Amino acid sequence: MICPHCNEPMIVVEYQQTEIDYCFGCQGIWLDQGELELLFQQPEKKLDLSAVTAFDKSKRRCPRCRKKMVKGNFPETTVEVDICRRDGGIWLDQGEILKIAEEHCEEQAFKNIYRFFSELFSDKNEMKEN
Ligand SMILES: [Zn+2]
Ligand SMILES: [Zn+2]
């Protein structure tokens with residue numbers, strides 16, 4: 001899959017049996033519909049991202065279906081995200097996953113997510129230094 005921000009190929013990282021598409025270049029993350037609930041360890045709490053009110057069109061295209069995405073606030077947060085209305089996927093810029101997790105997750109789930117993504121994001125910094 002190609003990063004909607006830098007148009008470079010993304011890699012797949014696995015977190016608790018959830019496959020996350022990750023861009024090393026911009027540290028953005030793509031999540032398909034349903035993956036966020038798994039990531040947040042809230043499989044019963046369905047997040048309907050296609051129902052989010054769009055306040056603007058996004059310049060970015062969905063990496064799955066190549067249609068233009070829309071901009072909206074992630075439910076119950078002030079975090080602006082790019083959403084594909086067609087397939088319910090979501091694009092998160094660097095660090096947005098942590099802001100959303102902080103507001104949505106139980107403490108333990110947040111700690112796990114924080115640890116995982118902090119390590120993932122810092123990998124890149126180490127590569128830069130070398
Ligand atoms: Zn990127
Ligand atoms: Zn799409």
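Values in this text are rule-based calculations from the coordinates and carry no lab data. Please read these numbers as outputs of a predicted model, since none were measured by experiment. Quick reminder, even Gly has a Cβ in these numbers, built from the backbone with ideal geometry, and neighbours come from all protein chains shown.
Laid out as a table, the results:
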| quantity | calculated |
| --- | --- |
| Distribution of pairwise C-alpha distances over segment 11-111, 10 Å bins, in % | 16, 53, 30, 2 |
| Sequence-distant residues sharing a close amide H with SER58 (under 5 Å, placed H) | MET69, VAL70, LYS71 |
| Lysine pairs with alpha-carbon atoms under 20 Å apart, segment 11-111, spacing 8 or more or separate chains | 12 |
| Low-density loop cleavage sites - trypsin sites (Lys or Arg not before Pro) in segment 41-91, where at most 11 other Cβ are within 10 Å (DSSP) | LYS45, LYS46, ARG66 |
